[in-house]
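See structure below.
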């Protein structure tokens, strides 16, 4: 595996675990695509560090379970903001 892939994978993994962020937020922070970050964390990370990979996958599961709540809250804020302009 190329050294830059190992470095980026570990950087993304530590960022996502330390800050409890989503793949989307992590990708935006590093200027990478969501698919790239997801591949780093699901394909390469288990080969590099199994314990860190387990933490990341637990966070993925948490984010997945909260996704519908975030979407609903986002929609609520969108319409609350647009109705205040009228």
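Laboratory data are not the source of any read-out in this text; all were calculated from the coordinates shown. The shown structure was predicted, so the numbers you read here are calculated from the model rather than taken from an experiment. Cβ coordinates were reconstructed from backbone atoms using ideal geometry, including for glycine residues, and neighbour counts include every protein chain displayed.
Summary table below
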item: Candidate set: the range 22-60, residues that are more than 13 Å from the chain's Cα centre (by Cα), part of a helix (DSSP H, G or I) and without any contact (Cβ under 8 Å) to a residue 40 or more places away in the chain; chosen: the one surrounded by the most Cβ atoms within 10 Å (Cβ to Cβ); result: 45
item: Close pairs (6 angstrom Cβ cut-off, 6 or more residues apart or separate chains): outside any helix (DSSP H, G or I) in the range 9-21, surrounded by 14 or more Cβ atoms within 10 Å (Cβ to Cβ) anywhere; result: none
